[in-house]
Each structure stands twice: as structure tokens, then as C-alpha cells.
Amino acid sequence: MASAVSSLHAGSGNERFNAEAASWDRNPFVHKASKHAADAIIPRFPALRSPPGPDGLDVLEIGCGTGLLSLILAPYVKRLAAVDAAEGMIDVLKTKLEGPGTPQNIVPVAVLLEDPEDRQLPPADEKEPDGKRLKFDLITSHLVLHHIPDLKTVLTTMLGCLKEGGSVALTDFENTGPESKRFHAKSRMGGVERHGIHRDTMAALMNEVGFVNVRVETAWTMDKSVEKFEGEFGDAGRPGELQGEIQRFPFVLCTGERKFCQ
Ligand SMILES: C[S@@+](CC[C@H](N)C(=O)[O-])C[C@H]1O[C@@H](n2cnc3c(N)ncnc32)[C@H](O)[C@@H]1O
């Protein structure tokens, strides 16, 4: 069953992301990370072209936040449903979409997506708004998987949202060992379910859920200012002057397809 955003359980990270929504875009790291994700994803899918051709893709982004990646991808796609569980994030995205010159093919949706037939997703047929929901050519999700309590469940939902032959392109930081915990400052651990993605574990899970042509690879690296000791950045969660040190983090791109039925 689909969950209304308001019914999210405490500790899901929803409160954290609602609280951070208004200041999210002030952090240069999230802009750079979304740019890297787009640079990793776009060349993998020849149908991602600007402007999109007649074979333009229907794209679903799960955990779009304020739409940083959605807005980069929009010119390359037919339509992009931008979904986030935090209403605050979606409100920021909606404000951006009211600005001049912004893409008109983004559909913002505030929902914790658990059901491929969630009524809040666009309908497969505009003439039947209450009918079956749209199935997508491509699903993206960037810096989200490490917040998801049950990866198997979300991967199953993704599979159910894809057309036959459709693909996922999921990006997040990689878990390379105990040092990966330093990605988040101590005060930013709310809603963090794991310290990045293990390549082999993720590939095995995607295969188990039923994806085919699964690949999980390191796609780029980024330098991030991290705490020298736990709690150094205090409640701000970001380094003050002379605080922190630089650590390099690899990021994974996880791709897989929904197989065609015989
Ligand atoms: C770290 S933020 C990343 C936001 C955005 N992708 C970016 O890079 O700027 C993670 C986002 O995922 C959202 N999220 C987490 N679990 C979700 C779920 N199951 N469905 C939809 N959104 C989810 C959170 O609300 C949050 O906005």
C-alpha cells in the first residue's frame, strides 16, 4: 500500500529533510554530486538526448530532493516524475518550477513510494486518470539508497514501476569500509541506514529481486570535508573555519533492466 507522506513513521528521516529543504541548495557539494551523477548516467542511455527525440524517455526519480538532478536531466527526457517523501523538498522544487525558463516536463510528487500503482504517480493514459499508473523507461535515485531501511523492498517497487526493458540508474556513495562512516557529520546521522553501498551486496540484491544485466561500478570520486573527530562540526553539520579534513569518496552507479516477458 502507498503511504501518505504525513503518515511517515518517526525517525524515517522525513523530519530531517523537511527541516533541511530550504537550505539544501546552499551546500555546493550536493550540486557537484548531482552533476557527476548526470555525467555518469546520460552517456549510458543513448535515448537521453537534448532535445529528446521521438523515443524520448519517461523517467522516474525517487528521492529527488529539491530537484537538482531532475532539473539537469529534464532537457534530455520526455517527462520526469520527481518523487520525494519530504513535502518540504517538493515545495522547494515546485517554487523552482514556477521560475522563468524552467523545464515544463517535470511532475513533482510528494510521496513515500512503496506501490507502483500509487494514485499520485501519473496515469498511463491521460484519458483515464484513475486507471493504471504510468510505467517508466528509466528510474534514477541519487544519494537516497543509504537512507532506505529495506533495499530489497524499494528495488521491488522500482521493478514494478518499470516498463519491460526499462532500466534503473542508481547512484550513491560507496561503502569501502569503516572510513565510509565519515561521509556524514555526527549531527547528520538521522535517517542514515547504512554508510554507503557495497558493490557486491547491491549487485546480488538487484539480481535476487529480478533485474537483468546488472552492473554496479565505481563511477566517480569526490572530495568531501569530514569531521576530524566525531561531533567536530556541532549541530551545524558543516565545517566552520579551520575545521575538518578532506576525504575522498567513491560513488557507485548501479544499473539493471526489467526483462522482457516471453
Ligand atoms: C540525501 S537526500 C538527496 C536528495 C537529492 N537526490 C539530492 O541529491 O540533492 C535523500 C532524499 O531522499 C528522500 N527519500 C528517502 N527515502 C525515500 C523514499 N522511500 N521515497 C521517496 N523519497 C525518499 C528524502 O526525503 C530526501 O529528500
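Restriction of the GluC sites (Glu not before Pro) in segment 133-217 to DSSP coil positions whose beta-carbon has at most 16 other beta-carbons within 10 angstrom yields Glu193.
How many percent of the accessible area of segment 1-139 is carbon or sulfur, using a 1.4 Å probe?
Values: 3780 of 6610 Å².
Ligands and nucleic acids excluded, carbon and sulfur give 57 percent.
Within the same chain, aspartates and glutamates fewer than 8 places from Lys152 are excluded, and of the rest, those with a Cα less than 17 Å from its Cα are Glu114, Asp115, Asp172, Glu193, Asp200, Glu208, Glu257. The simple spin-label model puts a point 7 Å past each Cα toward its Cβ; for Asp223 and Glu15 those points are separated by 3.7 nm. Simple spin-label estimate for Asn213 and Lys181 gives 3.9 nm between the two label positions (7 Å along the Cα-to-Cβ direction from each Cα). Ordered from longest to shortest, the equivalent ellipsoid semi-axes for the chain are 29, 21, 18 Å, each the square root of 5 times a Cα gyration tensor eigenvalue.
Averaged per residue, what accessible surface does the chain expose to a 1.4 Å probe, in Å²?
Working: 12510 Å² over 262 residues.
Accessible area per residue, the chain: 48 Å².
What's the local net charge at Asp130, with K and R +1, D and E -1, over the other residues with C-beta under 14 Å away? Present the calculation step by step, with values, prior to reporting the outcome.
Values: positive: Arg119, Lys127, Lys132, Arg133; negative: Glu117, Asp118, Asp125, Glu126, Glu128.
After counting each charged neighbour, the total is -1.
In the structure shown, the pairs Lys94/Lys135; Lys96/Lys181; Lys78/Lys127 are assessed against 28 Å; a Cα-Cα span above that value is assigned to Lys96/Lys181. Quantify how much of the Cα-Cα distance distribution of segment 126-262 extends past 19 Å, in percent. Here the long-distance tail beyond 19 Å is 56 percent of all Cα pairs in segment 126-262.
Could you tell me what a quarter of the Cα convex hull surface of segment 1-157 works out to, in nm² with one decimal place? Could the numbers behind the result be given before it?
On the way: hull surface 38.6 nm².
Averaging across all directions leaves 9.7 nm² for the Cα convex hull.
When DSSP beta bridges are restricted to pairs lying wholly in segment 19-145, around 5% turn out antiparallel.
Peptide packing: for 95-107, 16-28, the average count of neighbouring Cβ atoms within 10 Å per residue gives the ranking 16-28, 95-107, highest mean first.
All other residues with a Cβ under 9 Å from the Cβ of Val109 taken together, and with Lys, Arg as +1 and Asp, Glu as -1, what is their net charge? Numbers along the way, then the final one.
Details: positive: none; negative: Asp84, Asp118.
Taking every other residue near Val109 into account, the sum is -2.
Of the chymotrypsin sites (Phe, Trp or Tyr not before Pro) in segment 198-256, the ones in a loop by DSSP (not H, G, I, E or B) with at most 16 other beta carbons within 10 Å are Phe229.
Rounded, prolate or oblate, given the Cα gyration tensor of segment 77-163, with a/c below 1.5 counting as rounded? Since a/c reaches 1.5 but b/c is at least a/b, the shape of segment 77-163 is classed as oblate. The residues neighbouring Asp235, those whose beta-carbon lies less than 11 Å from its own, together hold a net charge of +3 under the Lys/Arg +1, Asp/Glu -1 convention. Protection proxy ranking of 64-73, 134-143, by the mean of other Cβ atoms within 10 Å over each peptide's residues and highest first, is 64-73, 134-143. Using only the alpha carbon atoms of segment 79-124, find the Kirkwood hydrodynamic radius as the inverse mean reciprocal pair distance, in angstroms to one decimal. Mean inverse Cα-Cα distance, inverted, gives 11.3 Å.
Please identify every one of the trypsin sites (Lys or Arg not before Pro) in segment 162-260 that sits in a loop by DSSP and has no more than 10 other beta carbons within 10 Å of its own beta carbon. Walk me through the numbers on the way to the answer.
Details: sites: Lys163, Lys181, Arg182, Lys186, Arg188, Arg194, Arg199, Arg215, Lys224, Lys228, Arg248, Arg258, Lys259; in loops: Arg194, Lys228, Arg258, Lys259.
Qualifying residues, ordered by number: none.
Within the chain, antiparallel bridges make up roughly 50 percent of the DSSP beta bridges whose residues both belong there. Which FRET efficiency value, to the nearest 0.05, do you get for Lys132 and Ala204 by plugging their Cβ-Cβ distance into 1/(1 + (r/R0)^6) with R0 = 30 Å? Computed FRET efficiency for Lys132 and Ala204: 0.45.
The values are calculated or read from the model by the stated rules, or taken from the named source; none is laboratory data. These numbers were taken from a predicted model, which means no experiment stands behind them. Cβ coordinates were reconstructed from backbone atoms using ideal geometry, including for glycine residues, and neighbour counts include every protein chain displayed. We work out accessible area using only protein heavy atoms, side chains counted, and drop any ligands, DNA or RNA first. Shrake-Rupley method; radii C 1.70, N 1.55, O 1.52, S 1.80 Å.
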